[in-house]
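The structure appears below as C-alpha cells.
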Amino acid sequence: MLKVGVFGVGHLGKFHLNNWKEIKDVEIVGFYDPDTQNAKTVAAKYDLTRFYTIEELLNKIDAADIVAPTPHHFELCEAAIKKGKHVFVEKPMADTMEQGKQLVQMVKEAGVKFQVGHVERFNPAFLALKNITLNPMFIEVHRLAEFNPRGTEVSVILDLMIHDIDIVLKLVKSDVKNISASGVAVMTDTPDIANVRIEFNNGCVANLTSSRISMKKMRKMRLFQKDAYIGIDFLDKKTEIIKLQSTGDEDGFTFDIDTPSGNKTLAIINPPTESVNAIKEELLAFVEAIHSNINTTVTENDGLYAMEIAHRILEKISNTPTLA
Ligand SMILES: NC(=O)c1ccc[n+]([C@@H]2O[C@H](COP(=O)([O-])OP(=O)(O)OC[C@H]3O[C@@H](n4cnc5c(N)ncnc54)[C@H](O)[C@@H]3O)[C@@H](O)[C@H]2O)c1
C-alpha cells in the first residue's frame with residue numbers, strides 16, 4: 001500500500017483526491033491545507049484527516065502530492081524530498097529557475113521519484129498518437145481560456161502555455177535556436193495573452209498563442225510534417241490525421257487531389273481515442289514509476305526544461321514594449 005499525502009486541496013486538489021480514491025493499493029493518509037474553512041469542508045466531505053503541519057503529514061507518507069499554488073511548490077517539494085519522499089507536483093514545478101535547478105539536484109541526491117503535472121501528456125487526444133511517427137516541422141498552437149482569478153499569481157506563460165511548451169519540447173527532437181515573443185498584461189499584472197515563436201535547430205518552428213482572457217475556450221495543436229497534417233484537440237479530445245497515402249496503405253477515408261507534381265491520394269484518419277481520465281492516468285503513472293522503479297513520465301528534467309523555455313519567453317516579453 002502506497003501512503004499518499006495531498007498538500008493543497010483547492011480546486012485541482014479535490015480532483016486529485018477523487019482520483020486517488022479510485023486508485024487501488026493507495027492509501028490517502030490525509031491532507032495539509034492552511035485554509036481552515038476549506039480544510040474543514042474537505043475533511044468532512046472526503047472523510048479524511050487534516051494535518052496541521054507539513055512535517056507531521058510528511059512523517060506518515062511515502063509520497064507527497066503537491067497541489068498548492070505555484071509560489072509554495074518549492075518549499076513543499078524541498079521538505080518532502082529532504083525526508084526521502086517521492087513527489088508529484090503540479091506545473092510549473094517551481095516559481096524560479098534557481099528553485100527548479102535546486103529541486104533537480106535534490107531529487108538526484110535523494111534518489112526519489114519526481115513527476116510534474118503536465119497532464120496533457122495523458123490527454124486521450126495526445127495518447128491516440130502513440131503509434132504514429134511524429135516529426136513536425138511546423139506547429140501551430142492555440143490555448144484560449146476564459147478569465148478566472150485562480151492561477152493568476154503567475155503569467156499566462158507559466159499557467160497555460162507551459163502545457164504546450166512541454167508537449168512541443170517532447171515532440172521536437174532538436175534544441176531551441178531562437179525565441180521571439182510578445183505578450184500583454186490586460187487584467188492582471190503579468191501577461192494574460194501572448195504569442196510566441198520558437199525556432200529549433202532542425203528548422204522546426206512552433207507558433208504558440210495563449211490567452212486567459214478569451215470569450216471561448218480552445219486547446220488545439222496542429223502539426224505539419226512531411227506528407228502529413230495532425231490535429232490534436234485537447235479540449236474535445238479528438239485527433240485527426242490527414243496524410244498522403246503511400247502505396248499499400250489502406251488507412252481511413254481517402255480522396256484524390258491534383259497537385260503540381262501530379263495526382264495524389266489523401267487519407268483522413270481519426271485514430272481511436274480512449275475514454276480515459278488524464279488526471280487519474282498521470283497519478284497511476286506516478287504510482288507505477290514508484291512500484292517498478294522506472295523513470296516517471298514527466299521527470300524533474302522535463303519540468304525544468306519547460307520552465308527554462310517559459311522563463312526565456314518571459315524575458316523576451318519583458319524586453320518588448322506592450323500595452324501594460
Ligand atoms: N495541470 C493542470 O491542468 C492544472 C490546472 C489547474 C491548476 N494547476 C496547478 O495546481 C496548483 C493549484 O491550483 P488550484 O487551481 O487548485 O488553486 P486553488 O487556489 O484552487 O487551490 C490551492 C489550495 O492550496 C492551498 N494552499 C495554499 N498554501 C498552501 C501551502 N503552503 N501548503 C498546502 N496548501 C496550500 C490553498 O489554501 C488552496 O486550498 C497550481 O500550481 C496550478 O498551476 C494545474
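The values are calculated or read from the model by the stated rules, or taken from the named source; none is laboratory data. Remember, it's a predicted structure, so these values are computed and weren't measured experimentally. Cβ atoms come from the backbone with ideal geometry, glycine included; neighbour counts cover every protein chain shown.
Looking across Asp95, Asp33, one residue alone is more than 22 Å from the chain's Cα centre (by Cα) and buried (at least 18 other Cβ atoms within 10 Å of the Cβ). It is Asp33.
Tallying residues that are buried (at least 18 other Cβ atoms within 10 Å of the Cβ) and not in a loop (DSSP other than H, G, I, E, B) within the range 105-126 yields 12. For the range 217-235, the condition holds for at least one residue, the condition being that it is touching a residue at least 40 places away in the same chain (Cβ under 8 Å) and loosely packed, with under 13 Cβ neighbours inside 10 Å. Residues in the range 7-58 that are in contact (Cβ under 8 Å) with a residue 60 or more places away in the chain, more than 9 Å from the ligand (Cβ to nearest atom) and in a strand (DSSP E or B): Val26 only.
Among the residues of the range 250-299, those identified as modelled with pLDDT under 95 and of a type in the set (D, E, K, R) are Glu250, Asp251, Asp256, Asp258, Lys264, Glu274.
Taking the listed residues Ala125, Ala110, Ala80, Ala68, the one that is of a type outside the set (Phe, Trp, Tyr), away from the ligand (no atom under 14 Å from the Cβ) and touching a strand residue (DSSP E or B) at 6+ places or on another chain (Cβ under 6 Å) is Ala125, with no other qualifying. In the list Ile132, Ile139, which residue meets the criterion of being away from the ligand (no atom under 15 Å from the Cβ), modelled with pLDDT under 95 and farther than 22 Å from Asp33 by Cα? Checking each option against the conditions leaves just Ile132. Here's a check for you: in the range 153-204, which residue that is closer than 20 Å to Asn319 by Cβ, in a loop (DSSP other than H, G, I, E, B) and of a type outside the set (A, V, I, L, M) is nearest to the ligand (Cβ to nearest atom)? Once the filter is applied, the top-ranked residue is Ser155.
Residues of the range 275-318 that are in a loop (DSSP other than H, G, I, E, B) and in contact with a strand residue (DSSP E or B) (Cβ under 9 Å, 6 or more places away or on another chain): Thr296, Thr297, Val298, Thr299.
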